[in-house]
Number of protein chains: 2
Amino acid sequence: MNAEIVTIGDELLIGQVINTNASYIAEQLNSVGIFDDTMTTVGDDEASILKAFDHALSVHDVVVVTGGLGPTHDDITRAAVCKFFTTDLVVNAEAFENIKNRFANRNIALVRRNEEQALVPRGCTVIQNRHGTAPGYLFERHGKYFIVMPGVPAEMKGMMDEFVVPYFSKLGTGTSILHRTLKTTGIAESILADQIGDIGELLGTSTGASLAFLPGPTGVRLRITVRSSSRARAESTIRDVEQKIRAKAEQYIYGTDTEDIEAVVGRMLRERKMRLSVAESCTGGLIADRVTNVPGSSDYFERGMVTYSDESKRAELGVPGFFLERFGAVSREVAEAMALGIRTASNTDIGLSTTGIAGPTGGSEEKPVGLVWIGYSDRHETVALRFNFPGDRRIFKERVSQAALELVRRKLLKQAS
Amino acid sequence: MNAEIVTIGDELLIGQVINTNASYIAEQLNSVGIFDDTMTTVGDDEASILKAFDHALSVHDVVVVTGGLGPTHDDITRAAVCKFFTTDLVVNAEAFENIKNRFANRNIALVRRNEEQALVPRGCTVIQNRHGTAPGYLFERHGKYFIVMPGVPAEMKGMMDEFVVPYFSKLGTGTSILHRTLKTTGIAESILADQIGDIGELLGTSTGASLAFLPGPTGVRLRITVRSSSRARAESTIRDVEQKIRAKAEQYIYGTDTEDIEAVVGRMLRERKMRLSVAESCTGGLIADRVTNVPGSSDYFERGMVTYSDESKRAELGVPGFFLERFGAVSREVAEAMALGIRTASNTDIGLSTTGIAGPTGGSEEKPVGLVWIGYSDRHETVALRFNFPGDRRIFKERVSQAALELVRRKLLKQAS
């Protein structure tokens, strides 16, 4: 089955909101063998919406629509859907109960514009909203499927996970589309491409397989895709291609699929029964934030310090004052002292530190914006590595935090679990 | 002028990459009076690309394309562009120089697949890439404009800022489209809508103006849009509508347009010559990370601590051991002691703290997942507020960090600058 995803909202067209819904829907559709070949975004304008519905349904088996079901005046999708299917609105009792309960639980008085959200197009299957108030709709017409959901990401995700995916999974679509992504860091796209070599040769007899290079600020992802009528065959092909790539670039691959480096490092720390603490200057808390995004990280993350001032580096981490004066805060010596300092102060197995110049100001000829030292300390060694990551402030922080976590990963690889 | 934005890439269709390019391009086009009414995404497939090009150019004055210009085998946009305009490739000397220089600067040997990026379609205006290797193209045909750029966000942004925006700005488009967004936090969408009242009445005689409600996990944004043939008239209309909204909901509005609460709080701290320190448990460094995303934050941000363990709360912040035993780490008493502790340890004007249950595990009947105490301390008072933010771990962290920064903003409002 093929599909089109239609997202509705002026906020998307003017660039105010980034369209995260389309990617989530695509991923979930893929998982049940439905491949979307087009994504379209139109504004809160009835004529544009109707044109998009008409075009999408004429050439696709499945159309998934989000956005414009909210309680305010600029939400016009429901009216457009009624017009498109030539139907009117009826009250849905379950949706009304849901709305009443949600307001009662939060001790907020129900207002009329919320009550009206229980009105749904006649003749559709109602998709209940367990994460908000506006229900979704499914229309089945002549073997095609037309689905409408709210644009609030958590509500849309709930409906995808709890209704849409199980629905098509039960229906069966006859195709398996599998993806596997190998995530690398610390190597440029063109160098990685040369290391992997000729793609035709690599894929060889693996029919239905393809490989894509996806560069990003914190590394290049390699995506293997396989389409097959047999799920077992698709799985074995993907395993095969993955092994061939690993044979050529294993050392740069830190994780697979949606696995972040903080989750990988967390798993390695847990396996080795080791604890981590971090002292951040230029990353300003981003490493601690990433590490603690992982559920259960309190088992191995002891504490973090964001020592932005020289005084805090001295007082909290015991960095000698003459290091700061003689070498400057952005130096190998200070990075090492910070890593050692946080490890000692927190009594953990590993101390990690960053000190650099995030910019846009504060750079010099000798120490330009983008310069950073990453420090690492365990009971065997205390070292620091120098990097240069030009780019804006936020990208700088992301790249430094990635390189710091990669440094921990490489050190942990050498320690038996 | 109207426009369509066409983004190309299988990684978008399978949901692996979120389409941030389309929103950036839209925003920039709007700024020079070009309104995109459609965004389309297709895969790395020649037939789909050609069909999208053809449809987009037939009904729009401007078509902006990104993606698929990289050095690897899955990048086929350049070939599709040549086919679409019935042309072939020629070497562009400036692009070739740029590629050679970039590799020389990074001490990386130039490989053939990079050299080939200097080939561009004959007959186009070349858009040089100051942030990467692949050049972009502009075709002007029968009064219409067709622009192609790489999909790497930093490279595309560079071309938009340095070439596309100045180009259309010079050309002149005869329309002004202005947006102004008022960002609120701490109030639900439907309550805010009721507070603002009838939209028709609010906009009244402001012709060409519209208002949209954009809810998100950290608050509701109100977007005013005005289209006019006169820039001066558009500006005065927007000011007018903004004032009417502020008269009804001022207290919830923390900032405008792309201004984040961390930038607002930073500005207020700077004006008052006050310094901030934070002690985070459940937010795990996110508040420090957000505060230090603001350039120049080292002027008012002294230090942060991520005290994940009970031991670190005791040792670093002086939280009394019997508070932790008697009230538990997630309690008013501990939140207050943390805020006071970090303010005292760092000798700052304000101490801010968070302690809560981020989940997915660790909740209980009495203290469920989502419960959080936010502590605040200055020389006049030490207080803590209780919130309940159900949702996933990351959204929980974002909402808590937002509420904590909003608490600082409200307290600072009462202190003269």
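What pairs come up if the first residue lies in region A:406-417 and is in a loop (DSSP other than H, G, I, E, B), the second is surrounded by 12 or more Cβ atoms within 10 Å (Cβ to Cβ) and among the hydrophobic types (A, V, I, L, M, F, W, C), and their beta carbons are under 8 Å apart, counting only those six or more places apart or on different chains?
That search, which allows pairs on different chains as well, returns A:Gln415/A:Met274; A:Ser417/A:Met268.
If a residue must be touching an Asp or Glu at 6+ places or on another chain (Cβ under 9 Å) and more than 16 Å from A:Met159 (Cβ to Cβ), how many such residues does region A:92-111 contain? Break it down into steps so the answer makes sense when it comes.
If we filter region A:92-111 for residues that are touching an Asp or Glu at 6+ places or on another chain (Cβ under 9 Å), which is where we start, we get A:96, A:99-100, A:111.
Adding the requirement that they be more than 16 Å from A:Met159 (Cβ to Cβ) leaves A:96, A:100, A:111.
Of the residues in region A:92-111, 3 are touching an Asp or Glu at 6+ places or on another chain (Cβ under 9 Å) and more than 16 Å from A:Met159 (Cβ to Cβ).
Please state which one of B:Glu398, B:Glu316 is within 14 Å of chain A (Cβ to nearest Cβ), touching a residue at least 60 places away in the same chain (Cβ under 8 Å) and under 19 Å from B:Gly285 (Cβ atoms).
Of the residues listed, the single one that is within 14 Å of chain A (Cβ to nearest Cβ), touching a residue at least 60 places away in the same chain (Cβ under 8 Å) and under 19 Å from B:Gly285 (Cβ atoms) is B:Glu398.
Among the numbered criteria (1) more than 19 Å from A:Ala339 (Cα to Cα); (2) under 27 Å from the mean Cα position of the chain (by Cα), which one does A:Lys397 miss?
(1)
Output the residues belonging to region A:359-389 that are over 30 Å from A:Asn347 (Cβ atoms) and surrounded by 14 or more Cβ atoms within 10 Å (Cβ to Cβ).
Residues satisfying the conditions are A:Gly359, A:Gly362, A:Gly363, A:Lys367, A:Val369, A:Gly370, A:Leu371, A:Phe389.
For region B:55-63, state whether one or more residues are in contact (Cβ under 8 Å) with a residue 24 or more places away in the chain, under 20 Å from B:Leu171 (Cα atoms), assigned to a strand (DSSP E or B) and more than 10 Å from every other protein chain (Cβ to nearest Cβ).
Yes, there is a match, as at least one residue in region B:55-63 is in contact (Cβ under 8 Å) with a residue 24 or more places away in the chain, under 20 Å from B:Leu171 (Cα atoms), assigned to a strand (DSSP E or B) and more than 10 Å from every other protein chain (Cβ to nearest Cβ).
Just one of A:Gly174, A:Gly216, A:Gly143, A:Gly151 is under 22 Å from the mean Cα position of the chain (by Cα) and farther than 25 Å from B:Gly68 by Cα; which is it?
On inspection, the qualifying residue turns out to be A:Gly151.
Taking the condition more than 8 Å from chain A (Cβ to nearest Cβ), out of contact with any Gly (no Cβ under 7 Å at 6 or more places or on another chain) and either not aliphatic (A, V, I, L, M) or not in a helix (DSSP H, G or I) (or both), does B:Glu4 pass?
Criteria met by B:Glu4.
I'd like to verify a number: residues in region A:376-395 that are hydrophobic (A, V, I, L, M, F, W, C) and within 14 Å of chain B (Cβ to nearest Cβ), how many?
Here the count works out to 3.
Looking only at region B:13-27, which residues are facing chain A (nearest Cβ under 9 Å), of a type outside the set (Gly, Ala, Ser), touching a Gly at 6+ places or on another chain (Cβ under 8 Å) and within 16 Å of A:Val17 (Cα to Cα)? Give the derivation first.
Of all residues in region B:13-27, those facing chain A (nearest Cβ under 9 Å) come to B:13-20, B:22-27.
Going one step further and asking which of them are of a type outside the set (Gly, Ala, Ser), we end up with B:13-14, B:16-20, B:24-25, B:27.
Checking which are touching a Gly at 6+ places or on another chain (Cβ under 8 Å) leaves us with B:13, B:17, B:24-25, B:27.
Selection gives B:Val17, B:Tyr24, B:Ile25, B:Glu27.
Please enumerate the residues belonging to region B:59-81 that are surrounded by fewer than 19 Cβ atoms within 10 Å (Cβ to Cβ) and under 19 Å from B:Leu138 (Cβ atoms).
B:Asp61, B:Ala79 - these are the residues of region B:59-81 that are surrounded by fewer than 19 Cβ atoms within 10 Å (Cβ to Cβ) and under 19 Å from B:Leu138 (Cβ atoms).
Being buried (at least 17 other Cβ atoms within 10 Å of the Cβ) and in contact with a Pro (Cβ under 7 Å, 6 or more places away or on another chain) is true for just one of B:Gly136, B:Gly158. Which residue is that? Explain how you work it out, then say what you get.
On the way: B:Gly158 fails: in contact with a Pro (Cβ under 7 Å, 6 or more places away or on another chain).
Just one listed residue meets the conditions, B:Gly136.
Test A:Ala335 against the criterion of being small (Gly, Ala, Ser), out of contact with any Lys or Arg (no Cβ under 6 Å at 6 or more places or on another chain), buried (at least 22 other Cβ atoms within 10 Å of the Cβ) and assigned by TED's automatic domain parsing to the domain that holds A:Gln402, and give yes or no.
Against the criterion (small (Gly, Ala, Ser), out of contact with any Lys or Arg (no Cβ under 6 Å at 6 or more places or on another chain), buried (at least 22 other Cβ atoms within 10 Å of the Cβ) and assigned by TED's automatic domain parsing to the domain that holds A:Gln402), A:Ala335 qualifies.
Do we have A:Asn30 as of a type outside the set (Gly, Ala, Ser), at the interface with another protein chain (Cβ under 8 Å from one of its Cβ atoms) and assigned to a helix (DSSP H, G or I) here?
yes
Being outside any strand (DSSP E or B) and either free of Cβ contacts under 8 Å to residues at least 24 places away in the same chain or out of contact with any Cys (no Cβ under 6 Å at 6 or more places or on another chain) (or both): is that true of A:Arg326 here?
Considered against the rule, which asks whether it is outside any strand (DSSP E or B) and either free of Cβ contacts under 8 Å to residues at least 24 places away in the same chain or out of contact with any Cys (no Cβ under 6 Å at 6 or more places or on another chain) (or both), A:Arg326 comes out as yes.
Taking the condition of being touching a strand residue (DSSP E or B) at 6+ places or on another chain (Cβ under 9 Å) and among the small types (Gly, Ala, Ser), how many residues in region B:83-127 meet it?
Result for region B:83-127: 3.
Is it the case that A:Ile187 is assigned to a loop (DSSP other than H, G, I, E, B), of a type in the set (A, V, I, L, M) and not assigned by TED's automatic domain parsing to the domain that holds A:Ala93?
Yes.
Inside region B:195-308, counting only strands (runs of 3 or more DSSP E) that do not spill past its ends, which hold 3 or more residues that are buried (at least 23 other Cβ atoms within 10 Å of the Cβ), within 13 Å of chain A (Cβ to nearest Cβ) and not acidic (Asp, Glu)?
In region B:195-308, B:219-228, B:276-280, B:301-307 are the strands (runs of 3 or more DSSP E) which contain 3 or more residues that are buried (at least 23 other Cβ atoms within 10 Å of the Cβ), within 13 Å of chain A (Cβ to nearest Cβ) and not acidic (Asp, Glu).
Can you tell me which of B:Asp10, B:Asp44, B:Asp37 is within 7 Å of chain A (Cβ to nearest Cβ), buried (at least 20 other Cβ atoms within 10 Å of the Cβ) and not basic (Lys, Arg)?
Details: B:Asp44 fails: within 7 Å of chain A (Cβ to nearest Cβ); B:Asp37 fails: buried (at least 20 other Cβ atoms within 10 Å of the Cβ).
Just a single option satisfies the conditions, and that option is B:Asp10.
Part of a loop (DSSP other than H, G, I, E, B) and either assigned by TED's automatic domain parsing to the domain that holds B:Met268 or over 16 Å from B:Leu276 (Cβ atoms) (or both): does that describe B:Gly359?
Yes; evaluated as a whole, the condition is true for this residue.
The values are calculated or read from the model by the stated rules, or taken from the named source; none is laboratory data. Everything numeric in this text was worked out from a predicted model, so none of it was measured. FYI the Cβ positions are ideal-geometry reconstructions off the backbone, even for glycines, and counts take in every protein chain you see.
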